[in-house]
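These notes are about the structure you will find just below.
The values are calculated or read from the model by the stated rules, or taken from the named source; none is laboratory data. Keep in mind that this is a model prediction, so the values were computed, not measured. Cβ atoms come from the backbone with ideal geometry, glycine included; neighbour counts cover every protein chain shown.
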Amino acid sequence: MIKSKKFEKLLFLGEGTFNKVYQVRIDENNDIVAVKRGKKGNNEEQTMYAQNEAKILHKLAHPNIVQLKDYFIDEKKRPCLVFDVCDTDLRKILQDITAPLPLPIRREYLRYILLALEHCHSQKIVHLDVKPENFLISSDRILKLSDFSFAIDLNDNQCLKTAKIFSRWYSPPEIIFGSSQVDPSIDIWAAGCILGEMIQCKRPLFPGSTDIEQLQLIFNQIGNPNLDDIQFLQQLPNYIHFETIQQQTSLQIDQLIDEENSNIVNELDLLKKLLTINPFQRLTATQALRHIYFTQQSPIASLELPDPMLYKQQPKRRARRHPPPPALKENDENLQPIIPIRLMSTDDRIAYGLATVRQVKEPRIATDFYKFQKADQKKRRMEALAKQFEQDKRSTALLRKSRMFKPF
């Protein structure tokens, strides 16, 4: 049995389908780590996914993949996975930027993504949930692939070999058409979607709200499938005829970037080869890393990448339970606050309109708020006891009176 550990939650970092992630301090050794803990309910399903992630991460050791430090069950029997703390993720950076990332940074980020996928696929592990928020960025500005809850190990004969994609925006056409075949090309398509998102700035490449809309966006961007693609797609269980989808002859993906130079041309060429409709024609991670887009230019230093501290997760403050008190009028002693100024927080002083402590006199009602509160509670208890005593007294008198006039 895995030993339970106590920890103090410091910061809420995010949440997924079955888990919440916190920055915590472990009581046992005072380490500051990130703990991925299951949500309330569905303990069996949460434990299954957590054990699957722990089992897969034990097989993976790579600089661009998160490292599992520990795994335990908490007091409420919820699975907890322990990782190193990362400052931010790729989604946060893409949301905060106001202009597309420079090409050298896009190339370096994509190289990290493909290196992580190459290592996973070499171990016959398919991630199945590749998206920007699952690429964490450490303090040394390196991307690390995380969240292997839905990953599948093709070496495991007992593992279910059915693709279960939870992010429609990063799903390839064969999955939308109902394919259950697990293949590394699923992750490659998602990597191409991330590259397109980095080029576009902030907006996902295919943000469909339904499966039909998702297919429309895909074929509008990359063009209609050819005869070989149609023959492959017709074998899938949920295939629909393409006359129901708006036909487009021009490739809008070529219009993502207005500039024209050799690096841009190579980037768009790689993007098209990552986003091919037929998964058997899609590049592998190793082939993509050998593309001229990477070989023509040497990798940039990690210090030239965006500083993750600028996009660090900010702590979420607890909302006020009561509205702030009204501001005091000048020279109005009747509106003095009950709480002494020395016990006020800075926010309360601002709410009362007090610039400094010396501008307000001590309240005449009580010199200590806590003493006043205790006295008020004692007074209420005494009043309740007196009321109960009067009721008992009247009840006793009525009882005696009824006995006095009782007929013989």
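Determine if the range 95-117 includes at least one residue that is of a type in the set (Val, Ile, Thr), at pLDDT 95 or above and surrounded by 23 or more Cβ atoms within 10 Å (Cβ to Cβ). Give the steps one after another, and end with the answer.
From the range 95-117, those of a type in the set (Val, Ile, Thr) are 97-98, 105, 113; that's our starting set.
Right, trim to at pLDDT 95 or above and you get 113.
Still in the list and also surrounded by 23 or more Cβ atoms within 10 Å (Cβ to Cβ): 113.
Yes: one or more hits.
Quick grid of which residues meet (1) crowded, with 22+ Cβ neighbours inside 10 Å; (2) part of a helix (DSSP H, G or I):
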{"site": "190", "(1), (2)": "yes, yes"}
{"site": "199", "(1), (2)": "no, yes"}
{"site": "208", "(1), (2)": "no, no"}
{"site": "214", "(1), (2)": "no, yes"}
{"site": "217", "(1), (2)": "no, yes"}
{"site": "224", "(1), (2)": "no, no"}
{"site": "229", "(1), (2)": "no, yes"}
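What about residue 67, is it within 30 Å of residue 183 (Cβ to Cβ), outside the structural domain of residue 146 (by TED's automatic domain parsing), in a helix (DSSP H, G or I) and not β-branched (Val, Ile, Thr)? Explain how you work it out, then say what you get.
Numbers: within 30 Å of residue 183 (Cβ to Cβ): yes; outside the structural domain of residue 146 (by TED's automatic domain parsing): yes; in a helix (DSSP H, G or I): no; not β-branched (Val, Ile, Thr): yes.
Spelling it out, it is not the case that residue 67 is within 30 Å of residue 183 (Cβ to Cβ), outside the structural domain of residue 146 (by TED's automatic domain parsing), in a helix (DSSP H, G or I) and not β-branched (Val, Ile, Thr).
Which of the numbered conditions does residue 99 fail, given that it passes all the others? Conditions: (1) closer than 25 Å to residue 180 by Cα; (2) assigned to a loop (DSSP other than H, G, I, E, B).
So the condition that residue 99 fails would be (1).
For the range 186-227, which residues satisfy the criterion of being among the small types (Gly, Ala, Ser) and without any contact (Cβ under 8 Å) to a residue 60 or more places away in the chain? Spell out the reasoning first.
Start the filter on the range 186-227 by keeping residues that are among the small types (Gly, Ala, Ser), which leaves 190-192, 196, 208-209, 223.
Answer for the range 186-227, where residues must be among the small types (Gly, Ala, Ser) and without any contact (Cβ under 8 Å) to a residue 60 or more places away in the chain: 208, 209, 223.
Are any of the residues in the range 29-38 touching a helix residue (DSSP H, G or I) at 6+ places or on another chain (Cβ under 7 Å) and either surrounded by fewer than 20 Cβ atoms within 10 Å (Cβ to Cβ) or not β-branched (Val, Ile, Thr) (or both)? Full working, then the answer.
Taking the range 29-38 as the starting set, the residues that turn out to be touching a helix residue (DSSP H, G or I) at 6+ places or on another chain (Cβ under 7 Å) are 38.
Those left that are additionally either surrounded by fewer than 20 Cβ atoms within 10 Å (Cβ to Cβ) or not β-branched (Val, Ile, Thr) (or both): 38.
Yes, because at least one residue in the range 29-38 is touching a helix residue (DSSP H, G or I) at 6+ places or on another chain (Cβ under 7 Å) and either surrounded by fewer than 20 Cβ atoms within 10 Å (Cβ to Cβ) or not β-branched (Val, Ile, Thr) (or both).
With respect to residue 81, is the statement that it is under 22 Å from the mean Cα position of the chain (by Cα) and either assigned to a strand (DSSP E or B) or not assigned by TED's automatic domain parsing to the domain that holds residue 22 (or both) true? Break it down into steps so the answer makes sense when it comes.
On the way: under 22 Å from the mean Cα position of the chain (by Cα): yes; either assigned to a strand (DSSP E or B) or not assigned by TED's automatic domain parsing to the domain that holds residue 22 (or both): yes.
Criteria met by residue 81.
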